[in-house]
Amino acid sequence: MCLGIPGRIVRRWVQDDGAILAEADFAGELRTVRLNYLPDLQVGDFTIVHAGFALTKLDPDEAARTTALMRDVGLLGPEGDEPLVVPADWIDRPAP
Amino acid sequence: MKHVDEFRDPALGQVLAGEILGLVEPGRHYKLMEVCGGHTHSIYKYGIDDLLPANVELVHGPGCPVCVIPMGRVDDGIALAHEPDVIFTCFGDMLRVPGSDGTLLDAKAEGADIRMVYSPLDALRIAKANPDRPVVFFAIGFETTAPSTALTLKRAKAEGVKNFFCMCNHVTIVPPLRALLDSPDLRLDGFIGPGHVSTVVGVRPFEFIPTEYGKPISVAGFEPLDVLHAIHMILTQLKEGRCEVENQYARVVPYDGNPRALEVMSEVFELRPHFEWRGMGFISQSGLKLSEAYADMDAEIQYSVPGIRVADPKACQCGEVLKGVIKPWECKVFGSGCTPERPIGTCMVSSEGACAAYYNYGRFAREREVV
């Protein structure tokens, strides 16, 4: 239930009873999503869905900020030196 | 895939892991709990623990909705499923959880009408298609799934559906964390916070962890770099002597969560005085039941369920696994008596369970030397 990946809203419509629905693209798979908890979602927005309901809108600026922060971690390591890189064969090495 | 691939970049993962290595003090042991079963799954799927220094230990928390359901509640569900004419609906994971005398799947084989649904709305649809039969939805989950149940009940009420009932097993995340922090069994240094519960409740409810218990927490996403980044954030806090709630998953988790969802939940549910958790016993104000306005849809009021407390099977150590006291492979029946095909305990049933994650990703045993 907690392994939600972001889906992109590709279509949005309002039902006769007032319910707002959308079709979201999850890595190529289309699913109908209810927007009761996020009625302002628009086509092109990314959302995380649980049990058929969109619960949150993905903020692309925050996503970019997080990836930038991660990159900064590598550039500005504890000693300010070259980033330490764990080699691919790390698993086979003894503990430091 | 946008917003996914950039959080799975192996080169950046290696850099983050290297920086984590630079943060830890040799001779100090770090014990971090990932609260959510989704994180446990990511950690073993992507081999994150293999990238960590040996003195950084990840322990698994109680955040797996299926895993924390006690046996007595499964028995109550099976009793409801055997009521005359009842159509019993639940999420697929729940079907294989053993009660004291078999699973819901066994009950189905014995003739009970049990149907798997993906959303509570599917259960409501079944109720509308079968107006002459009572339909019970066995609701489980933390604050991520509770809003969908709440809205379904609200809709059933608005539409005047009289044959739709809910057996509510929804739980909240803060009380078990408090119970863990109060427990003498476990000394934790920090928490990887549950990303998707936080989309609903926000970041604020976790502030008690630094303010009252002096532990850092970073609410984290579920991609491998998210988890590594959160570990880096927690270790940085520990190194700098800080202790606060940080939001690694800011792209998805707003500080205040989803106020609309919280509002509907507070209308439909109320807190139970106490609720039993598998392996953790009764925890005060940790479970939800239907509010008085929805009492006519409460399956526990409309039907009599046995409501008997059943002790977990002796061989099963799910309780210790859920509290992070032992690792899955340290359980006596892990991989022998208890496998995903024939589970004894809930942690092996659910795809989010720690035992299933270890088993499915080949972590049958793992001894790590502590420096």
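Structure values in brief
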read-out	value
Any hit, the stretch B:61-79, residues being within 13 Å of another protein chain (Cβ to nearest Cβ), farther than 30 Å from B:Tyr303 by Cβ and either of a type in the set (Gly, Ala, Ser) or open to solvent by 30 Å² or more (accessible area, probe 1.4 Å) (or both)	yes
Lone unmet requirement of (1) without any contact (Cβ under 8 Å) to a residue 40 or more places away in the chain; (2) outside the structural domain of B:Ile140 (by TED's automatic domain parsing); (3) open to solvent by 80 Å² or more (accessible area, probe 1.4 Å) for B:Glu292	(2)
Criterion: acidic (Asp, Glu), modelled with pLDDT under 95 and open to solvent by 30 Å² or more (accessible area, probe 1.4 Å) - qualifying residue of B:Asp93, B:Asp113, B:Asp49, B:Asp132	B:Asp93
From B:Pro175, B:Pro184, residue being part of a helix (DSSP H, G or I) and open to solvent by 10 Å² or more (accessible area, probe 1.4 Å)	B:Pro175
Odd one out for A:Asp59, checked against (1) more than 7 Å from chain B (Cβ to nearest Cβ); (2) acidic (Asp, Glu); (3) crowded, with 17+ Cβ neighbours inside 10 Å	(1)
Top-ranked residue of the stretch B:230-250 - restricted to ones that are in contact (Cβ under 8 Å) with a residue 24 or more places away in the chain and within 22 Å of the chain's Cα centre (by Cα), ranked as farthest from the other protein chains (Cβ to nearest Cβ)	B:Val245
Enumeration of residues in the stretch B:205-230 that are surrounded by fewer than 18 Cβ atoms within 10 Å (Cβ to Cβ) and either modelled with pLDDT under 95 or not in a loop (DSSP other than H, G, I, E, B) (or both)	B:Glu207, B:Phe208, B:Thr211, B:Glu212, B:Tyr213
Test result for B:Asp93, of a type in the set (Asp, Glu) and without any contact (Cβ under 8 Å) to a residue 40 or more places away in the chain	no
Test for A:Ala22: is it more than 10 Å from every other protein chain (Cβ to nearest Cβ) and crowded, with 21+ Cβ neighbours inside 10 Å	yes
Any chance B:Glu341 is without any contact (Cβ under 8 Å) to a residue 60 or more places away in the chain, assigned by TED's automatic domain parsing to the domain that holds B:Ala139 and open to solvent by 50 Å² or more (accessible area, probe 1.4 Å)	no
Residues that are facing chain A (nearest Cβ under 7 Å) and not in a helix (DSSP H, G or I), drawn from the stretch B:5-60	B:Cys36, B:Pro53, B:Ala54
Hits in the stretch A:27-47 - residues which are under 15 Å from A:Pro6 (Cβ atoms) and assigned to a strand (DSSP E or B)	A:Glu29, A:Leu30, A:Arg31, A:Val33, A:Phe46, A:Thr47
Residues satisfying the stated conditions in the stretch B:237-266, i.e. β-branched (Val, Ile, Thr) and either in contact with a Lys or Arg (Cβ under 9 Å, 6 or more places away or on another chain) or farther than 14 Å from A:Ala54 by Cα (or both)	B:Val245, B:Val252, B:Val264
The stretch B:125-142: number of residues that are under 22 Å from B:Arg73 (Cβ atoms) and not in a strand (DSSP E or B)	4
Residues of the stretch B:311-326 satisfying the condition of being surrounded by 17 or more Cβ atoms within 10 Å (Cβ to Cβ) and in contact (Cβ under 8 Å) with a residue 60 or more places away in the chain	B:Asp312, B:Cys318, B:Val321, B:Leu322, B:Lys323, B:Gly324
The one condition in (1) closer than 30 Å to A:Gly7 by Cβ; (2) at pLDDT below 90 that B:Gly319 fails to fulfil	(1)
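Listed here are the residues, each with its yes/no results for (1) under 30 Å from B:Asp49 (Cα atoms); (2) in contact with a Pro (Cβ under 8 Å, 6 or more places away or on another chain); (3) at pLDDT below 95.
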site	(1), (2), (3)
A:Arg12	no, no, no
A:Leu21	no, no, no
A:Thr32	no, no, yes
A:Leu41	no, no, no
A:Ala68	yes, no, yes
A:Pro96	yes, yes, yes
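The values are calculated or read from the model by the stated rules, or taken from the named source; none is laboratory data. Quick caveat, the model's predicted, so the values are computed rather than measured. For neighbour counting, all protein chains shown are included, and Cβ atoms are generated from backbone atoms with ideal geometry for every residue, glycine included. SASA here: full protein model, heavy atoms, side chains in, ligands and nucleic acids out. Shrake-Rupley method; radii C 1.70, N 1.55, O 1.52, S 1.80 Å.
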